[in-house]
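A.B. asks: Take a look at the following structure, please.
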C-alpha cells in the first residue's frame with residue numbers, strides 16, 4: 001500500500017523546489033508514494049505562481065486555499081484553519097514543507113498539533129537574525145519536524161548545536177527526529193531546468209541582451225521595499241554601479257516592489273530610473289527565463305535567498321542586499337558579498353566582484369540527487 005504525503009507550497013520558490021520531489025516520485029517511487037499538492041495561495045499573482053506550474057510541468061494542486069495577502073498573523077491563521085481540515089479529511093502519513101515561509105510554519109503547526117509527522121526540506125538553515133520572520137519560521141518548523149533534511153554541512157552543524165541527534169539510530173518521531181544531510185533540492189532543479197531553459201527561453205534575445213553585458217537584480221524583501229531610506233539607497237547604488245561599469249541593469253520587478261517605487265522613491269530618482277536607456281524594468285519572469293538571465297548576467301544583485309544559491313550554481317558572483325544570509329558558505333568562499341543597503345557598499349562590493357578573477361565552486365550543495373534521497377528516506381521512516 002502506498003504511503004500518502006501532502007506537500008505544502010505557497011511561494012514561488014516552493015513551487016519550484018517541490019517539482020524535484022514530484023519528479024522523483026513519478027519517475028522512481030510512484031508505487032511507494034502518493035503525493036497530494038496543496039497550494040496555500042500565499043503567492044496569488046499568476047506571474048508568481050500559475051505560470052510555474054504551466055512551464056515546468058508541475059502537477060496541479062488538488063487544493064488551493066487562496067489565502068492571498070495579509071499580515072503575518074492573518075495569513076498564517078487562514079492557512080492553519082484550511083490545512084487542518086484538509087489533513088483531517090485526507091489522513092496523510094506525513095506532510096512535506098519547504099524552507100521558511102508562512103506556508104511552512106502553518107503546515108508544520110497544523111500537522112504537529114494533530115500528530116501527523118512533518119518532513120522539513122531545507123532544515124537547519126540559520127541567519128541568526130530573529131527580526132527576520134523567516135528565521136522564526138525555520139527554527140519553529142525544525143522543532144516540530146520528524147524528518148529534517150538539511151542541504152549543507154553548516155545546516156547539519158546548526159541542528160547539532162541546537163540539541164538534535166544526528167545518528168538516527170532509533171525510529172523517527174517528533175520527540176526523536178531523524179536528521180539527514182542530503183544536498184540541496186534546488187541544485188537538482190537547476191541542473192534539470194537549465195537544459196530546458198537553453199531550449200525554450202528567448203528572453204535574452206527578446207530584450208537584446210548580450211552575455212556578460214548586464215547585471216541582473218531582484219528586490220522583494222519588505223525591509224528593503226517598505227523602507228524609503230533603504231530603497232533609495234539601493235537604487236542610488238545600482239545606478240552608480242551601472243554608470244561606472246557601463247553594464248545594463250535588468251530588473252524583474254516583484255509586485256511588492258513595483259507598488260513601492262512610486263511611494264518610496266524620490267521623484268528625482270524615480271525619474272532617473274524611468275528615463276535610463278540602460279535600466280530595463282520588466283514584469284516578473286518564469287523560472288526558465290530567470291535561469292537564462294542568471295546564466296548570461298555578469299553579476300547578480302539580490303535580497304532573495306534562492307537567487308544567492310542559483311548564482312553560485314551557475315558560477316556567477318553575487319551581491320546580497322542583506323546584512324545576514326542563511327547561505328553563509330558562498331560568502332565565506334568569496335562568491336558573494338553581504339552589502340546591506342548602503343549605496344557605497346553596493347558599489348564597492350559590485351566593483352570588487354566584477355574585477356575579481358579567481359573563483360572556486362566547491363560542491364557545497366550535493367550532487368544533484370537530493371530529491372531521490374529524500375523520497376527514499378520518507379518511505380523508510382514514515383508510516
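A.B. asks: Test residue 164 against the criterion of being surrounded by fewer than 23 Cβ atoms within 10 Å (Cβ to Cβ), in the same structural domain as residue 98 (by TED's automatic domain parsing) and touching a strand residue (DSSP E or B) at 6+ places or on another chain (Cβ under 6 Å), and give yes or no. Outline the logic, then answer.
C.D. replies: Details: surrounded by fewer than 23 Cβ atoms within 10 Å (Cβ to Cβ): yes; in the same structural domain as residue 98 (by TED's automatic domain parsing): yes; touching a strand residue (DSSP E or B) at 6+ places or on another chain (Cβ under 6 Å): yes.
For residue 164, the condition - surrounded by fewer than 23 Cβ atoms within 10 Å (Cβ to Cβ), in the same structural domain as residue 98 (by TED's automatic domain parsing) and touching a strand residue (DSSP E or B) at 6+ places or on another chain (Cβ under 6 Å) - is met.
A.B. asks: Do the conditions hold for residue 180, that is, is it within 18 Å of residue 307 (Cα to Cα) and either within 22 Å of the chain's Cα centre (by Cα) or modelled with pLDDT under 95 (or both)?
C.D. replies: No.
A.B. asks: Only one residue in 294, 274 is within 20 Å of residue 356 (Cβ to Cβ) and either at pLDDT 95 or above or in the same structural domain as residue 318 (by TED's automatic domain parsing) (or both), so which one is that? Don't jump to the end; show me each part of the working.
C.D. replies: Working: 274 fails: within 20 Å of residue 356 (Cβ to Cβ).
Exactly one of 294, 274 is within 20 Å of residue 356 (Cβ to Cβ) and either at pLDDT 95 or above or in the same structural domain as residue 318 (by TED's automatic domain parsing) (or both), namely 294.
A.B. asks: Hey, another quick one. Just to verify a result, which residue in region 110-123, among those that are crowded, with 19+ Cβ neighbours inside 10 Å and free of Cβ contacts under 8 Å to residues at least 40 places away in the same chain, is farthest from the chain's Cα centre (by Cα)?
C.D. replies: So, considering only residues that are crowded, with 19+ Cβ neighbours inside 10 Å and free of Cβ contacts under 8 Å to residues at least 40 places away in the same chain, the one farthest from the chain's Cα centre (by Cα) is 116.
A.B. asks: Let me ask something else. Within region 52-75, track down each residue that is part of a helix (DSSP H, G or I) and farther than 16 Å from residue 14 by Cα.
C.D. replies: 72, 73, 74, 75
A.B. asks: Taking the condition under 30 Å from residue 345 (Cα atoms), under 23 Å from the mean Cα position of the chain (by Cα) and buried (at least 20 other Cβ atoms within 10 Å of the Cβ), does residue 219 pass?
C.D. replies: Spelling it out, residue 219 is indeed under 30 Å from residue 345 (Cα atoms), under 23 Å from the mean Cα position of the chain (by Cα) and buried (at least 20 other Cβ atoms within 10 Å of the Cβ).
A.B. asks: For region 256-375, which strands (runs of 3 or more DSSP E) that fit wholly inside it have 1 or more residues that are farther than 30 Å from residue 185 by Cβ?
C.D. replies: Where strands (runs of 3 or more DSSP E) fall fully within region 256-375 and carry at least 1 residues being farther than 30 Å from residue 185 by Cβ, they are 279-282.
A.B. asks: Separate question: Sort out which residues of region 353-376 are more than 15 Å from residue 20 (Cα to Cα) and surrounded by fewer than 19 Cβ atoms within 10 Å (Cβ to Cβ), and write them in order of number.
C.D. replies: The answer is 354, 355, 356, 357, 358, 359, 360, 361, 362, 363.
A.B. asks: Tell me, please, whether a residue that is assigned by TED's automatic domain parsing to the domain that holds residue 14, buried (at least 24 other Cβ atoms within 10 Å of the Cβ) and modelled with pLDDT of 95 or more can be found in region 124-136.
C.D. replies: Yes, there is a match, as at least one residue in region 124-136 is assigned by TED's automatic domain parsing to the domain that holds residue 14, buried (at least 24 other Cβ atoms within 10 Å of the Cβ) and modelled with pLDDT of 95 or more.
A.B. asks: Tell me which residues, restricted to region 154-196, are touching a residue at least 60 places away in the same chain (Cβ under 8 Å) and closer than 25 Å to residue 332 by Cα.
C.D. replies: Correct list: 154, 180, 182, 183, 184, 185, 186, 187, 188, 189, 190, 191.
A.B. asks: Of (1) more than 23 Å from the chain's Cα centre (by Cα); (2) at pLDDT 95 or above; (3) surrounded by fewer than 22 Cβ atoms within 10 Å (Cβ to Cβ); (4) more than 30 Å from residue 142 (Cβ to Cβ), residue 203 satisfies all except one. Which?
C.D. replies: Condition not satisfied by residue 203: (1).
A.B. asks: Right, another one. From 232, 240, 263, grab the single residue that is surrounded by fewer than 22 Cβ atoms within 10 Å (Cβ to Cβ), modelled with pLDDT of 95 or more and under 30 Å from residue 135 (Cβ atoms).
C.D. replies: 232
A.B. asks: Same structure, new question: Can you go through 274, 324, 294 and tell me which one is within 16 Å of the chain's Cα centre (by Cα) and surrounded by fewer than 20 Cβ atoms within 10 Å (Cβ to Cβ)?
C.D. replies: Selected residue: 324, the only one of 274, 324, 294 that is within 16 Å of the chain's Cα centre (by Cα) and surrounded by fewer than 20 Cβ atoms within 10 Å (Cβ to Cβ).
A.B. asks: Among the helices (runs of 4 or more DSSP H) confined wholly to region 190-253, which include 1 or more residues that are under 14 Å from residue 300 (Cβ atoms) and either in contact with a strand residue (DSSP E or B) (Cβ under 8 Å, 6 or more places away or on another chain) or not assigned by TED's automatic domain parsing to the domain that holds residue 310 (or both)?
C.D. replies: Once the helices (runs of 4 or more DSSP H) in region 190-253 are filtered for at least 1 residues that are under 14 Å from residue 300 (Cβ atoms) and either in contact with a strand residue (DSSP E or B) (Cβ under 8 Å, 6 or more places away or on another chain) or not assigned by TED's automatic domain parsing to the domain that holds residue 310 (or both), what remains is 228-245.
A.B. asks: Which residues, counting only those in region 1-29, are over 15 Å from residue 121 (Cα atoms) and part of a strand (DSSP E or B)? Please lay out each step first, then the result.
C.D. replies: Taking region 1-29 first, the residues over 15 Å from residue 121 (Cα atoms) are 1-4, 12, 23, 25-29.
Result: 3, 4.
The values are calculated or read from the model by the stated rules, or taken from the named source; none is laboratory data. Keep in mind the model is a prediction, meaning the values are calculated, not measured. So basically every Cβ, Gly included, is an ideal-geometry build from the backbone, and we count neighbours across all protein chains shown.
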